[in-house]
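S.K.: One structure, pasted below without further comment.
The values are calculated or read from the model by the stated rules, or taken from the named source; none is laboratory data. Keep in mind that this is a model prediction, so the values were computed, not measured. Reconstructed Cβ throughout: ideal geometry from the backbone, glycine too, with neighbour counts over all protein chains shown. Areas reflect the complete protein model, heavy atoms only, side chains present, ligands, DNA and RNA absent. Shrake-Rupley method; radii C 1.70, N 1.55, O 1.52, S 1.80 Å.
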Amino acid sequence: MKTALITGVTGQDGSYLAEFLLKKGYKVLGMVRRTSTINFERIKHIQDKIEIVPGDLIDEHSLIQILKDYEVDEVYNMAAQSFVPTSWSQPVLTGEVTGLGVTRILEAIKSVNPKIRFYQASSSEMFGKVNATPQTETTRFHPRSPYGVSKVYGYWITVNYRESYDMFACNGILFNHESPRRGIEFVTRKITDGVARIKHGLQKELRLGNLDSKRDWGFAGDYVEAMWLMLQHDKPDDYVISTGETHSVKEFCEIAFKRAGLDYKDYVKVDKKFYRPAEVNLLLGDAAKAKKILKWEPKVSFKQLVEMMADADLKRYEEMKRKGEI
């Protein structure tokens, strides 16, 4: 039985990956920080099947201790300060966790067992102000936020440890991937939660930023399979993971509101305060390499994804109403 360590196990990607690896017969370790506000909501259905271990990307000793205490075969680094707007208000913390945190894990692996396979969650936000569309593994990075900058550091330090110490270290350059488990602060979930609240009479309008902003949106459940496939391959490499389609925030709104029998034009208001200091207007990935080498394909379409998220939030508010919580 293989043992995998997932940092950021309580997040969207960590929870889907934990589910996926359990089905593959892994022993799954989920690393969480020792704080009083840990939210186990996303993993409560599998919490008794995984082992929660305390650790922190800011504390290298804690990472070394985990790797020493358990015979870990694979490490998936999902932990990060991953919300772009927050990276503007907390740029140093974002760099400390999202950037330098990667070095600490790689150092821990190198000192305990350099044969451990490592996956780094890289991001399409590294491309930022794109100089070529679609973006591939060879497209130049021009990040447009402290989060994107930190992810570029994490990417290159992973490449450097692979090339310098012959470590099995991979970067998955994942384009936007969503699900009903997406944090409420992200625009996709803000939309589907807003739809449900409007449908149930809890709010009258939904304020959003740039409706013309376009993203390559896929389903998080599909993308965790690509992470696993990278670490099963015979040699480490970096891969873009994306759908190869781009859709606007406006399109997302149309489908989500329509799912609830509403017209988004009646409820969505553009608010300039939600515009980013430096906007990323178009991200579109080309996952040809992953499709060819890893035989990976996304399964859930954009429309299915939006409807899945809208349905989950509509159902959640229905249940809250039934229980008298709203």
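S.K.: Return a yes/no flag: does the stretch 115-128 have any residue that is open to solvent by 40 Å² or more (accessible area, probe 1.4 Å) and in contact with an Asp or Glu (Cβ under 9 Å, 6 or more places away or on another chain).
M.R.: yes
S.K.: Which condition number in (1) outside any loop (DSSP other than H, G, I, E, B); (2) among the charged types (D, E, K, R); (3) buried (at least 19 other Cβ atoms within 10 Å of the Cβ) is the one that residue 181 fails?
M.R.: Exception for residue 181: condition (1).
S.K.: Out of everything in the stretch 292-326 that is aliphatic (A, V, I, L, M) and part of a loop (DSSP other than H, G, I, E, B), what residue ends up being surrounded by the fewest Cβ atoms within 10 Å (Cβ to Cβ)?
M.R.: Top of the filtered list is 326.
S.K.: So for the stretch 229-238 (the condition being open to solvent by 30 Å² or more (accessible area, probe 1.4 Å), over 21 Å from residue 135 (Cβ atoms) and part of a helix (DSSP H, G or I)), does at least one residue qualify?
M.R.: There is at least one residue in the stretch 229-238 that is open to solvent by 30 Å² or more (accessible area, probe 1.4 Å), over 21 Å from residue 135 (Cβ atoms) and part of a helix (DSSP H, G or I).
S.K.: What do you reckon, is residue 202 assigned to a loop (DSSP other than H, G, I, E, B) and farther than 27 Å from residue 143 by Cβ?
M.R.: Taking the combined requirement at face value, the residue satisfies it.
S.K.: Looking for something in a helix (DSSP H, G or I) and within 21 Å of residue 225 (Cα to Cα) - is there at least one such residue anywhere in the stretch 134-146?
M.R.: no
S.K.: Let me ask something additional. Condition check: open to solvent by 40 Å² or more (accessible area, probe 1.4 Å), in a helix (DSSP H, G or I), free of Cβ contacts under 8 Å to residues at least 40 places away in the same chain and more than 22 Å from residue 182 (Cα to Cα). Does residue 258 satisfy that?
M.R.: The answer is no for residue 258.
S.K.: Return the residue satisfying two criteria in turn: it lies in the stretch 261-290 and is modelled with pLDDT of 95 or more and surrounded by fewer than 17 Cβ atoms within 10 Å (Cβ to Cβ), and of such residues it is farthest from residue 208 (Cα to Cα).
M.R.: In this case the residue turns out to be 288.
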